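Q: This is the structure I want to talk about, given as structure tokens.
The values are calculated or read from the model by the stated rules, or taken from the named source; none is laboratory data. Just so we're clear, the structure is a prediction, and the values are computed from it rather than from any experiment. Here Cβ is always computed from backbone atoms with ideal geometry, including for glycine, and neighbour counts include all displayed protein chains. Calculation scope for accessible area: heavy atoms of the full protein, side chains included, ligands and nucleic acids excluded. Shrake-Rupley method; radii C 1.70, N 1.55, O 1.52, S 1.80 Å.
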Amino acid sequence: MFDKIRNQEYYTADTPNELILSTIKNIDSILDIYYPDHLKFDDGTFAIHHGSSQVLVVVRPFTAEEACVECIANVVTGAKINSELLRFLMRKNSELHYGAFGLMFDETITFAHSFSTSIMNEKELITTLEAVAIIADYYDDIIVDLAGGKRAMDLAESYA
């Protein structure tokens, strides 16, 4: 897997490719311990399942000395985006101490938190991953009740 990533040129920021690759390898080894059934993709991203949520772990370029590790969950897809729902999400963003809800270009509601590689260790990665998973798993049902749509698990079941 890592040889495929090493040869790709989509890491065009100032972040050294070696830093991105070493971060991906480090994440893989940590996930092997805590989530041995995690999914590994050829582009260096990972996914874990928790309840009705799925969290992706992505390493992104950031600066010449840092990469960024992002843990992002697609919470609900196909919800009716209206002012009531947006107000709810913005209020939750101000209440939650970790991460934030977002809205993708296709109006998928996400929840994500990221951190730089300079503070990444086993505890930081697992804490972030579990926080994002737990929050996404909790709020997906509430959001579906408010605005319809499908949770990550609902989408996975419809493809099976």
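Q: Using the crude model of +1 on Lys and Arg Cβ and -1 on Asp and Glu Cβ, and no other charge, please compute the dipole size for the chain relative to its Cα centre, in debye to 20.
A: Once rounded to the nearest 20, the dipole reads 300 debye.
Q: Compute, for residue 35, the solvent-accessible surface of its heavy atoms (probe 1.4 Å) with the complete set of protein chains present, and express it in square angstrom to the nearest 10.
A: Its accessible surface works out to 30 Å², give or take rounding.
Q: Something else: Protein chains only, probe 1.4 Å: how do 70, 122 rank by accessible area, largest first?
A: Highest to lowest solvent-accessible surface, that is 122, 70.
Q: Per DSSP H run of at least 4 residues, take -39500 (n - 2.57); add these up for the chain, divide by its residues and hand me the 222 nm value, nearest 500 deg cm²/dmol.
A: So the calculated ellipticity at 222 nm is -14000 deg cm²/dmol.
Q: If you take the charge dipole of region 1-131 about its Cα centre, with +1 on Lys and Arg Cβ and -1 on Asp and Glu Cβ, which of 78, 29, 116 is farthest toward its positive end?
A: Value computed over the given set: 78.
Q: Find how much the distance from residue 115 to residue 65 grows on full extension, using 0.36 nm per residue of separation minus their present alpha carbon separation; answer in nm with one decimal.
A: My answer for the length gained is 16.7 nm.
Q: Using θ = phi - 60° and the Karplus form 6.51 cos²θ - 1.76 cosθ + 1.60, what ³J(HN,Hα) does each residue of region 107-117 get, whole Hz, x for Gly and Pro?
A: So the Karplus estimates, Gly and Pro as x, are 6, 6, 7, 10, 9, 8, 8, 9, 8, 8, 5 Hz.
Q: While we're looking at this one, here's another question. Taking region 80-160 as the region of interest, what is the percent of Cα-Cα pairs per 10 angstrom bin, listed from the shortest bin to the one with the maximum distance?
A: Computed distribution, short to long bins: 16, 46, 29, 10.
Q: When the solvent-accessible surface of protein heavy atoms is calculated with a 1.4 angstrom probe, in what order do 80, 25 fall, highest first?
A: From most exposed to least exposed: 80, 25.
Q: With volume of the Cα convex hull per residue in Å³ as the read-out, I listed (1) 124; (2) 112; (3) 175; which label goes with the value calculated from this structure?
A: (1)
Q: Next question. Roughly speaking, what is the stretch gain from residue 29 to residue 41, that is 0.36 nm per residue apart minus the C-alpha to C-alpha distance, in nm to one decimal?
A: Net length gain for the segment: 2.9 nm.
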